[in-house]
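Data block below; observations after.
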Amino acid sequence: MDEPCRIIGVLDNGAEGLTPAALDHIKSADLVIGAQRTLALFEFPENVQQIDMAGQLNKVAEWVMQAGQAGRRVVVLATGDPFCHGIAPFLIAKLGSDHCEVLPNVSTLQWAFAKLCRPWQEAKICSVHNRDAGEWRIGSTPEHGLYALLQTVRCHDLMAVFTSPENTPARIAQALTVEGLGDKIQMSIVSQIFQVENHESAEKIWGPLPATQCVDLVCTDPNVVILQWGQPRVNEVLFGLDDQEFLQRKPDKGLITKREVRAVSLARMQLHKSSVVWDIGAGSGAVGLEAARLCQEGHVYAIEKNLDDVIIAGKNRQQLSIGNYSLIHDKAPLGMENWPDPDAVFIGGSGGELGQLIGMGLQRLTPNGWLVMNFVTFENLNVALSTLADLGAVWEVTQLQASRSQPILHMHRLQAENPVWIVSAQRGQP
């Protein structure tokens, strides 16, 4: 390519909003690529080829390269700042920075914050320009178009969201409400950004309003949503929660992995912020939910065969406001076939399928992943160790017996908890 591809940010006022340099590049171009709505803002000579890139973004780099090799000058028209969730990073990755020149304009994000008279430098930017995945439901997995937004909003005080025709402000408000955040998050919306009617700005502003009051709003594109917590977020404890903070069935001190055992088990799982975790035999959900808090950019896939426990784990998830946790009611390994490969597997209950679950877990683990299991009976421990030996796994057993202080009259004594074996295993070398 003799000349670089010029990527130019355009507003709805077309040529009026461009610098002389940007206008010169457009006037001298042989090929102009852009969305039809953007192309319509300009008048081009008949000899200038125009290509509507709507629905064909993956072909733009190829068009640019072919034109450049033929000695033609190419301009790609983008909206606002091409670097702000725009086409510039994609084209530069394909063409190389030496073959691109970017002439940015004001982004819709900057414009929206300016209309609200607010600074934007501390805002976390998120885009929901994903395929339409439908309305948000509790337990939706990372493939859903709103998943990243609902995870990010839990970690940041201020967010700016680029919407799409499918993932509208109303759908975002509904998702926040479903997640129990509707009364906690304030929404502001600036719509019809850069639009002009009768020589006057046609922009409209809503809010700030609680998300619960925005579920029926109808907003014209383009629009930007600003999300802010109504009250300062509380820094949540990631793990080591008191057992009493979890709802649990209580035939015998509660069907829950005790805090000390959870702490050691989670440590042996070697989690990182984007870990994918399997929680088999979820029970009250304590291990999986604490794992989800530790893996805020990852996801926990849990399964439990007892319906009463499934209901309790769901309530614990809602009470702790955890979004990266999906729980199914089934007997493992049924229903686990489509789960992504895990970085860590925790088995807290096996329903009589322990050997099969160990084999499946080890087979599906990512490199350097860990399988961690808890046992209180000799029989299950023996099954686990013999299965691991047959599979050539590398394993280690830790016996944990914790005692907690208890008041007695005006003094204190130690009360022992049941001993637990914690088995940690990895695939052996081939």
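Where a number appears in this text, it was derived from the coordinates with a stated rule and is not lab data. What you see is a predicted model; the values in this text were computed from it and never measured. Note: ideal-geometry Cβ built from the backbone for every residue, glycine included; neighbour counts use all protein chains shown.
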TODO: Please work out, to two decimal places, the log10 of the ratio I(q)/I(0) at q = 0.16 Å⁻¹ from a Debye calculation in which every Cα of region 110-229 carries one identical scatterer.
DONE: -0.69
Open item on the list: I'd like the Karplus ³J(HN,Hα) series for region 401-416: coefficients 6.51, -1.76, 1.60, θ = phi - 60°, whole numbers in Hz, and an x wherever there's a Gly or Pro.
Closed with: 10, 9, 10, 10, 5, 9, x, 9, 6, 9, 10, 9, 9, 9, 10, 7
Open item on the list: Is the C-alpha gyration tensor of region 261-420 telling us rounded, prolate or oblate? Criteria: a/c under 1.5 is rounded; beyond that, a/b larger than b/c is prolate, otherwise oblate.
Closed with: oblate
Task: Degrees, to the nearest 10: 57-69 long Cα axis against longest axis of the chain - done: 50
Task: Top positive-direction residue, dipole computed over region 14-165 with Cβ charges, set SER140, GLY14, LEU57 - done: SER140
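Based on other C-beta atoms within 10 Å, arrange ARG268, ARG37 from fewest to most. Before the final figure, lay out the partial values.
On the way: ARG268 20, ARG37 14.
Going from least to most buried by this count: ARG37, ARG268.
About the Cα centre, and with charges only on the beta carbon of Lys, Arg (+1) and Asp, Glu (-1), how big is the dipole of region 24-118? Nearest 20 debye, please.
Working: 8 positive and 9 negative charges, 65 e Å.
Here region 24-118 has a charge dipole of around 300 debye.
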- [ ] Go through SER191, LEU217, CYS155 and say which Cα lies farthest out towards the positive end of the charge dipole of region 110-229; charges sit on Cβ, +1 for Lys and Arg, -1 for Asp and Glu.
- [x] CYS155
TODO: Using the Cα centre as the reference, give the magnitude of the dipole from point charges on the C-beta atoms of the chain (Lys, Arg: +1; Asp, Glu: -1; all else neutral), rounded to the nearest 20 debye.
DONE: 1220
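Which of GLU396, GLU179, GLU260 comes first, and how do the rest follow, when ranked by fewest Cβ neighbours within 10 Å? Don't jump to the answer; show the numbers that get you there.
Details: GLU396 10, GLU179 22, GLU260 17.
Fewest-to-most Cβ neighbours within 10 Å comes out as GLU396, GLU260, GLU179.
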TODO: Kindly provide the helix-only [θ] at 222 nm of the chain, computed as the sum of -39,500 (n - 2.57) over DSSP H runs of four or more divided by all residues, to the nearest 500 deg cm²/dmol?
DONE: -7500 deg cm²/dmol
Open item on the list: For ASN105, what residues show an amide H to amide H distance below 5 Å, using hydrogens built from the backbone and excluding near sequence neighbours?
Closed with: GLY9, ASP81
- [ ] Among DSSP beta bridges whose residues both lie in the chain, state the antiparallel percentage, nearest 5.
- [x] 50
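Tell me the relative contact order for the chain as a rounded percent, counting alpha carbon contacts under 8 Å between residues six or more apart. Don't jump to the answer; show the numbers that get you there.
Working: 844 pairs, mean separation 42.9, N = 430.
Relative contact order here is 10 percent.
By counting other Cβ atoms within 10 Å of each Cβ, how are PHE44, PHE346 ranked from fewest to most? Please report the intermediate quantities before stating the final value.
Details: PHE44 13, PHE346 28.
Sorted ascending by nearby Cβ count, the order is PHE44, PHE346.
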TODO: Would you please give the residues with an amide H less than 5 Å from that of ILE328, counting only those at least 5 places away or on a separate chain, with H modeled from the backbone geometry?
DONE: ALA302, ILE303, GLU304
Task: Reach of LYS94 by Cα under 20 Å, taken over aspartates and glutamates that are not fewer than 8 positions away in the same chain - done: ASP2, GLU3, ASP52, GLU62, ASP81
TODO: Treating each Cα of the chain as an identical point scatterer and ignoring solvent, apply the Debye formula and state log10 I(q)/I(0) at q = 0.12, 0.13 Å⁻¹.
DONE: -1.00, -1.08
